[in-house]
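Visitor: Take this structure first; my questions come after.
The values are calculated or read from the model by the stated rules, or taken from the named source; none is laboratory data. Just so it is clear, the structure is predicted and the values come from calculations on it, not from any experiment. For neighbour counting, all protein chains shown are included, and Cβ atoms are generated from backbone atoms with ideal geometry for every residue, glycine included. Surface accessibility is based on the protein's heavy atoms, side chains included, excluding ligands, DNA and RNA. Shrake-Rupley method; radii C 1.70, N 1.55, O 1.52, S 1.80 Å.
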Amino acid sequence: MTQNLSTIKDELAQVISAANDLKSLEEARITALGKKGRITDLMKSLGGMDPEERKNFGAAVNMLKDDIAALIEKQEAGLKKQAMAERLSKETIDVTLPARPITKGAIHPVTQTMDELISIFGSMGFELDEGPDIEDDFHNFTALNFPLGHPAREMHDTFYLPEDGDEKGEAAKKLLRTHTSTVQIRHMLGRKPPFKMICMGRVYRSDYDMTHTPVFHQIEGLVIDKAINMGHLKGCLMDFLQAFFEVDNLPIRMRPSFFPFTEPSAEFDMGCSRKNGEFKIGQGDSWIEMGGSGMVHQNVLKHCGVDPNEYQGFAFGLGVERLAMLKYGIPDLRTFFESDVRWLNHYGFDPLDRPNRATGVKG
Ligand code: PHE
């Protein structure tokens, strides 16, 4: 019997050491230790032996089993090491090769414009905040004084996400934010006044034509303190637009408007001239609409735990693509989202040349 076991051991050891990849090693393991394997068969034969014989033979088979398992493990470790060495030698990089010329990427005009806005508002003392693209009804509508059923909700062409959870109805549904005013709410709820912040990012509305895309970018600003008024709002917009378009004496005009979250509300235009078919930003004979603004509605302040008897201030919002189109002469909004590399090479910016107010934002 002992003789027999050592023969089996030699045979199995040979099969194992002959396995030169993981697949044949697995086959060797099955031959030895699998359900119908040689060692398993030996174990099965124990049942027919008398107790004394079974004890001795059982111990010997167990030892054999352990030895074979150890051999398999050793072979496996060797094969893995060998595979790794082969891979490493194949994947080496010859660092002595001369560098091949690479094409440098370009910064997208939206990113460039947002970087410019951050640098301008940063130098004006604004803090930058951000919020999620997927929002709830409270932050996108209710806190901004659009109660359930308010007709202004319909103007937003909202993308709703499928309902999850047990709660049903409009108020429980998640949505893609339709404006970045959501971030103003999050900003105020998390802090104590005074506030002086900007936020920017993607917003979503179900709309598509020459001047509308289902996703676009907004920048919004919020200033709340004890004696902030519309004069500050106008001055702030003037300073910012002059810095952004690099035009002195840029006139700003405000027209009455309506937003649920501001009272009074105003749309603002900047001066331009359109003489002889040439469009120029600055003092001139014409106006171009830029964005919405107003004094933050008392209900909004209340929703955010700010006492409207003590604090007041303004908010404004603009489209980032619109700013980029006007500054860099990009005619069609839709091209911003088409990912055409030729367009990006034409309108994009040098990644190494980042906007800052010391060297001037780019113009
Ligand atoms: N959130 C508004 C919109 O998207 C823009 C806005 C912001 C208007 C702040 C006024 C004040 O329509």
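Visitor: May I ask you to verify whether residue 186 is more than 21 Å from residue 300 (Cα to Cα) and within 23 Å of the chain's Cα centre (by Cα)?
Guide: In short, no.
Visitor: Exactly one of (1) assigned to a loop (DSSP other than H, G, I, E, B); (2) within 14 Å of the ligand (Cβ to nearest atom); (3) surrounded by 14 or more Cβ atoms within 10 Å (Cβ to Cβ); (4) not small (Gly, Ala, Ser) is unmet by residue 219. Its number?
Guide: It fails just one condition, (1).
Visitor: If you don't mind, there's one more thing I want to ask. Give me a count of the residues in the stretch 230-255 that are closer than 25 Å to residue 310 by Cα and open to solvent by 70 Å² or more (accessible area, probe 1.4 Å).
Guide: Looking only at that region, the number is 2.
Visitor: In this structure, does residue 214 turn out to be within 14 Å of the ligand (Cβ to nearest atom) and within 30 Å of residue 151 (Cβ to Cβ)?
Guide: So residue 214 fails the test.
Visitor: Within the bounds of the stretch 115-122, is there any residue that is touching a helix residue (DSSP H, G or I) at 6+ places or on another chain (Cβ under 6 Å) and buried (at least 17 other Cβ atoms within 10 Å of the Cβ)?
Guide: Among the residues of the stretch 115-122, at least one is touching a helix residue (DSSP H, G or I) at 6+ places or on another chain (Cβ under 6 Å) and buried (at least 17 other Cβ atoms within 10 Å of the Cβ), which makes the answer yes.
Visitor: If you don't mind, another one. Taking the stretch 256-282, which residues are open to solvent by 70 Å² or more (accessible area, probe 1.4 Å) and assigned to a loop (DSSP other than H, G, I, E, B)?
Guide: 274, 278, 279, listed by residue number.
Visitor: Would you please name the residue that is nearest to residue 268 (Cα to Cα), looking only at residues in the stretch 169-209 that are assigned to a loop (DSSP other than H, G, I, E, B) and in contact with a helix residue (DSSP H, G or I) (Cβ under 7 Å, 6 or more places away or on another chain)?
Guide: Per the criteria, the residue is 178.
Visitor: Restricting to the stretch 279-298, give me the number of residues that are under 26 Å from residue 190 (Cβ atoms) and within 14 Å of the ligand (Cβ to nearest atom).
Guide: 7
Visitor: Going through 164, 207 one at a time, which residue ends up being more than 12 Å from the ligand (Cβ to nearest atom), in contact with a Ser or Thr (Cβ under 9 Å, 6 or more places away or on another chain) and of a type in the set (Asp, Glu)?
Guide: Result of the check over 164, 207: 207.
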